[in-house]
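The values are calculated or read from the model by the stated rules, or taken from the named source; none is laboratory data. Predicted, not measured: the structure shown is a model, and the values here were computed from it. Neighbour counts run over all protein chains shown; Cβ positions are idealised from the backbone, glycine included.
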Amino acid sequence: MTATTILVAGVIMVLTAVYVSWRAGRLDRLHIRLELARESLDAALVRRAAVCLELAASRILDPATSLVLAAAAHEARTAGPPEREHAESELSRALRAVLDQERFREKLGETPAGPELLQELDSAVAKVVYARRFYNNAVGVTRAAQRRLLARTLRLAGHTAYPDFFEIDDAPPQALAAE
């Protein structure tokens with residue numbers, strides 16, 4: 001072996017090590033981004049459930065409607081990971097059923113705390129939509145990076161499983177979208 005061959009082999013090995021290190025660092029940053037997106041989504045879901053409970057307890061709604069909304073919000077807050085998506089979807093449907101009643105916005109606007117509560121609810125619902133989209137985007141990018149040949153071959157992601165998308169019915173009520 002000549003000195004030139006050894007030098008070329010050494011440069012190739014260093015460049016390969018740098019590239020693998022860069023890919024591993026990118027995958028690590030994607031996992032951190034995914035964790036932050038998940039925490040943001042959890043916070044948005046908890047906030048939406050809290051605002052729904054506040055609306056249900058405000059005595060603005062009739063008792064039956066308050067009970068339905070409070071039950072759905074309670075289920076969403078206490079659901080474990082396996083049933084969380086279903087419980088959050090049920091809260092979205094209950095929220096639409098409550099808020100899409102005829103003249104709901106006008107009735108709520110006539111009460112002293114109504115406009116502020118409606119604005120807070122609108123904000124909480126919008127944050128859930130955005131947080132879920134951001135999280136699912138992070139999941140897609142992370143899964144794509146984990147599926148690359150180099151990441152699979154060298155197990156750059158370690159033993160972490162592919163992250164799952166968070167699919168819920170988060171369509172906002174028409175009463176909130178009508179603003």
Unmet requirement for Asp170, which otherwise passes all of (1) surrounded by 15 or more Cβ atoms within 10 Å (Cβ to Cβ); (2) within 21 Å of the chain's Cα centre (by Cα); (3) modelled with pLDDT of 90 or more: (3)
Restricting region 48-90 to residues that are under 19 Å from Pro172 (Cα atoms) and of a type in the set (Val, Ile, Thr), the one surrounded by the most Cβ atoms within 10 Å (Cβ to Cβ) turns out to be Val51
Identify, by number, the condition in (1) surrounded by fewer than 18 Cβ atoms within 10 Å (Cβ to Cβ); (2) more than 30 Å from Leu156 (Cα to Cα); (3) touching a Pro at 6+ places or on another chain (Cβ under 9 Å) that Val98 doesn't meet. (1)
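Yes or no, residue by residue, for (1) modelled with pLDDT of 90 or more; (2) closer than 25 Å to Leu55 by Cα; (3) assigned to a helix (DSSP H, G or I); (4) of a type in the set (S, T, N, Q):
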residue	(1), (2), (3), (4)
Glu102	no, yes, no, no
Lys107	no, yes, yes, no
Ala124	yes, yes, yes, no
Arg132	yes, yes, yes, no
Asn137	yes, no, yes, yes
Ala151	no, no, yes, no
Gly158	no, no, no, no
Out of the residues in region 121-147 that are surrounded by 17 or more Cβ atoms within 10 Å (Cβ to Cβ) and among the charged types (D, E, K, R), which is nearest to Phe104 (Cα to Cα)? Asp122
For Ser40, are the conditions met, namely being among the hydroxyl-bearing types (Ser, Thr, Tyr), out of contact with any His (no Cβ under 9 Å at 6 or more places or on another chain) and within 21 Å of Phe134 (Cβ to Cβ)? yes
Is it true that Arg93 is closer than 29 Å to Arg133 by Cβ, over 16 Å from the mean Cα position of the chain (by Cα), surrounded by fewer than 16 Cβ atoms within 10 Å (Cβ to Cβ) and touching a residue at least 60 places away in the same chain (Cβ under 8 Å)? yes
Among residues belonging to region 19-42 that are more than 21 Å from the chain's Cα centre (by Cα) and among the small types (Gly, Ala, Ser), point out the one that is surrounded by the most Cβ atoms within 10 Å (Cβ to Cβ). Ala24
Gly109 - would you say it is surrounded by fewer than 17 Cβ atoms within 10 Å (Cβ to Cβ) and either of a type in the set (Val, Ile, Thr) or out of contact with any helix residue (DSSP H, G or I) (no Cβ under 8 Å at 6 or more places or on another chain) (or both)? no
Of the conditions (1) assigned to a helix (DSSP H, G or I); (2) hydrophobic (A, V, I, L, M, F, W, C); (3) within 30 Å of Phe166 (Cβ to Cβ), Leu61 satisfies every one except a single condition; which number is it? (1)
